[in-house]
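Notes to accompany the following structure.
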Amino acid sequence: MYVQSILNQDMGWHDGQQTSLNTRLAIDTANITEGLGEKTGMIIESLCSGLTGLIIALVKSWKLALVMLACFPLMGAAGVTMLLALKKATTKSQSVYASAGAIAEQALAAIRTVSAFSLQARFTKRYDEKLSEAFDADCAKGTTIGEIATIKTFMCH
């Protein structure tokens, strides 16, 4: 369906794309596969474990379980914050990788011109700069996830 909608676009739409369509498709496909893969099973397992634990806690010691339930809104807020930060960081990283892919695609599409004018170093430098930006974006994403996960873990204990 995703590819079909891209193929049904006017030719002018494709001319207006500043990022590499191939890179964007590859990244989006990997993200969909990652989202529908083992993470779905892990989410279902976590929900079932949490619900079972809550039922057992309410049966064994309902007063303590109610005190623990007071932490749920805080943990939920931390989870939503983590998802929003992850979405923002992933979007930025994806954009930078698409720009790097566009540079590589330009160089390969005009390989004769690049070779004739000895532009390999220039394209390599531009590509490396974009990859450096992507690395920085991915490091920031990892740091953000780590910080929020630490806060969430601290709230649980």
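All of the numbers you see were taken from the coordinates with simple rules; none came from a lab. Computed from a predicted model, the values in this text were never measured in an experiment. Here the Cβ positions follow ideal geometry from the backbone for every residue, glycine too, while neighbour counts run over all protein chains shown.
A few remarks follow.
- For region 93-104, the count of residues that are exposed (fewer than 15 other Cβ atoms within 10 Å of the Cβ), out of contact with any helix residue (DSSP H, G or I) (no Cβ under 6 Å at 6 or more places or on another chain) and either free of Cβ contacts under 8 Å to residues at least 24 places away in the same chain or not in a loop (DSSP other than H, G, I, E, B) (or both) is zero.
- Qualifying residue in region 123-134 (condition: in contact with a Leu (Cβ under 9 Å, 6 or more places away or on another chain), in a helix (DSSP H, G or I) and either surrounded by fewer than 15 Cβ atoms within 10 Å (Cβ to Cβ) or without any contact (Cβ under 8 Å) to a residue 60 or more places away in the chain (or both)): no
- Number of positions in region 33-74 that are over 24 Å from I151 (Cα atoms) and either touching a helix residue (DSSP H, G or I) at 6+ places or on another chain (Cβ under 8 Å) or in contact (Cβ under 8 Å) with a residue 40 or more places away in the chain (or both): 1
- Residues being among the small types (G, A, S) and under 22 Å from the mean Cα position of the chain (by Cα) - total across region 105-157: 7
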